[in-house]
Amino acid sequence: TKKAAVGASSEALLAMLPEGPLMVMAFDFQRFAALNFFDKALKEDWQKNAKGAKDFKDYQEFVQKTGVDLQKDVYMVVGAVYGTFEDKAPQPFFIGSLKYDKAKLLSVLKEKGTIAAEEPYGGRTLYTLKDKDSSKDMRLVFLNDACIAAGSPMAIKKAVDLAAKKGKSVLQAPAMMKYVDKLDRKSMFWLAVGSIPGKVKEQTGGGMMQVDLSKAEAFTAVADFKNKTLSGELRLVSQNEAGNKQIADMLNGLKALGAMGAAKEPELGELLNGIQLSSAVDHVKLTFSISEALMDKLGAKAKDKAQGM
């Protein structure tokens with residue numbers, strides 16, 4: 001079996017993630033990149049992507065020039081968002097574990113005009129990424145031989161400090177980890193939002209859509225792909241048994257309404273049959289199971305409808 005690079009696990013990358021994020025998520029990128037649609041996007045649909053076709057004529061040229069094969073060399077990606085939900089510009093942060101040649105990758109970034117400026121910080125160089133939108137102030141840093149991080153200046157500097165053993169990682173933040181620890185982190189994808197915005201908790205809806213979100217405290221999601229089936233769970237954490245049942249009943253009602261159209265749209269019926277909704281004292285849960293064949297059918301149908309509009 002291929003030996004992964006140092007820091008390839010989500011656990012190792014979480015140790016490099018500064019404390020205090022609003023949201024944390026992780027991709028097992030090698031498993032994600034092995035999916036049929038990703039392979040097709042790289043090898044068949046490259047020219048349809050104007051940006052990709054402009055920079056590199058095809059995927060093989062991308063690999064040859066950057067030295068990075070997305071399907072073989074990128075192991076794990078962990079992302080986070082910092083700030084508050086009221087911020088107009090939340091502060092993103094991503095760290096990836098991968099096999100790469102720094103000199104080669106840096107040369108391509110400069111050649112394509114991706115880097116606007118450089119600044120030293122904590123013994124490393126922070127590269128400002130060029131963007132037409134001036135509000136998106138992003139930095140990139142090579143943290144070590146197996147990890148690259150990109151994000152807002154604040155988040156990147158905290159990550160560099162953390163690499164120098166200054167500050168705390170998210171693993172030392174119980175407010176977030178009490179939700180993350182309950183997830184199956186061996187899944188292809190997982191996500192945790194450690195707190196629900198006040199504006200969302202105040203929403204009650206109206207009429208048949210009346211819900212009680214006043215005690216909602218967190219949201220988590222997990223997704224996996226095995227045996228040609230995408231499955232997973234979405235969970236709203238809320239210590240409100242009556243309110244949780246109310247939400248589940250409303251969603252099941254919407255599901256029943258959708259099923260009425262299944263005679264004309266059999267794929268819709270198949271999709272709805274793969275979705276289950278339930279509630280308990282401390283949560284509302286949606287589980288799903290969708291076959292790859294159904295996803296292909298839905299994708300083709302969506303494409304046909306888009307072309308007809």
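Bear in mind these aren't lab numbers, they're just calculated from the coordinates by the rules spelled out. Here the structure is a predicted model, which means the values were calculated and not measured. Cβ: placed from backbone, ideal geometry, glycine included. Neighbour counts: every protein chain shown.
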| message | What does the extension gain come out to for ALA175 and GLN239, with contour length at 0.36 nm per residue minus their alpha carbon separation? | response | 21.4 nm
| query | How many nm separate the modelled label positions at GLU292 and LYS226, each set 7 Å beyond the Cα in the direction of the Cβ? | reply | 1.6 nm
| request: With N denoting the number of residues in region 219-269, provide Rg(C-alpha) divided by 2.2 N^0.38 Å, to two decimal places. | output: 1.49
| task | Could you state, as a whole-number percent, how many of the C-alpha pairs of region 32-188 are farther apart than 25 Å? | result | 40 percent
| said: Loop-only trypsin sites (Lys or Arg not before Pro) in region 73-150, please: DSSP not H, G, I, E or B, and at most 14 other Cβ atoms within 10 Å. | reply: LYS88, LYS112, LYS130, LYS132, LYS136
| What Kirkwood radius, in Å to one decimal, follows from the Cα pairs of region 98-254? | 19.5 Å
| note | Of the residues GLY113, PHE225, LEU191, the Cα lying farthest along the dipole of the chain towards its positive end, which is defined by charges on the beta carbon of Lys, Arg, Asp and Glu, belongs to GLY113
| What shape does region 193-234 have by the C-alpha gyration tensor, where a ≥ b ≥ c are the square roots of the eigenvalues, rounded means a/c under 1.5, and otherwise prolate means a/b greater than b/c and oblate the rest? | oblate
| Once both labels are modelled 7 Å past Cα along the beta-carbon direction, what's the ASN252-GLN210 spacing in nm? | 1.9 nm
| Three-way shape call for the chain based on the alpha-carbon gyration tensor, with the a/c threshold at 1.5 | oblate
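Given the DSSP H assignment, sum -39500 (n - 2.57) over each helix run of at least 4 residues in the chain and divide by its residue total; what's the result at 222 nm in deg cm²/dmol, nearest 500?
Mean residue ellipticity at 222 nm (helix-derived): -10000 deg cm²/dmol.
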